[in-house]
Amino acid sequence: MKKFTSMLAVALLVVGLAGAAPADAAEPNTIAVTGMAEQEVAPDMAYVEVGISVRADDAEAARAEEAKIAAQIRRSLLGLAITDNDLQNTSYYIYQEYSVDRDGVRKPSKFAVDSSMKITVRDLNKLSQVIDNTVQAGATNVNNVVYDLSNKNIVQRQLLSAAVENARDKAAVVANAGSRSLGNMLSADVNSVGGAAIVASGANKLRASAMADEAASTELMPGKIKLNARVQVVFSLN
């Protein structure tokens, strides 16, 4: 019995050694680097989100008033070559409001309709007029203005290519310092590609309305959009 136990222990020891592997083994003859590229470009289009808020004694009156203002907004944009294809309803809520009297009793009050519309402006020269026209047509707020590029995909592809070249340059410097030469690219992982600029949101939403009421044109400074790309690349070493 003792002999059998000793043989079993030896057998388990051999199996354990055979299955063991060095921890955190690195891939030999490779180098992993991060490549980055960025570019600032002037936007050539924008998205404007305007809101409509109305209150009435009954739900149908509130709905009808919101529909009337929405139609006025659409008509106000026709002269700027903005059609229904450039308009998108992003939210629509109809509900009853309540008030609390002196005795703390909650009572039904007005009916409300809150809606928002996203307008695609493909010519930035018309952006200020779009905001002024919509406010004059009855929009109660301008929620935000987002600048964008019509050819953003092209710029992003160029940045990805530049990020890979940046990674290659870094890897070559390290390889040469170690008396090695850079081989083929083995893998690449895109960490991020993006960039955006947002103007006139939150507390600024009533500013455009005030300016329109004073018969002054809204003026916005689009600035630049910063686009960037980041890639993780693995090269072989010769």
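Every read-out reported here was derived from the displayed coordinates using simple, explicitly stated rules and does not represent laboratory data. Keep in mind that what you see is a predicted model, and the values were worked out from it rather than measured. In this analysis, Cβ positions are derived from the backbone assuming ideal geometry, glycine residues included, and neighbour counts consider all displayed protein chains.
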Taking a straight Cα-to-Cα line shorter than 17 Å from Lys107, and setting aside same-chain aspartates and glutamates fewer than 8 residues away, one finds Asp57, Asp58, Glu97
Ranked output for segments 125-134, 175-184 by mean other Cβ atoms within 10 Å, highest leading, reads 125-134, 175-184
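Let me have the relative contact order for the stretch 41-166, percent, based on Cα pairs under 8 Å that are six or more residues apart.
This gives 43 percent for the stretch 41-166.
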Set Lys170/Lys224; Lys68/Lys224; Lys68/Lys152; Lys118/Lys226, cut-off 25 Å on Cα-Cα distance; pairs above it are Lys170/Lys224; Lys68/Lys224; Lys68/Lys152
In order over the stretch 103-109: 3J(HN,Hα) from phi, Karplus 6.51/-1.76/1.60, θ = phi - 60°, whole Hz, x for each Gly or Pro, gives 8, x, 8, 7, 10, x, 10
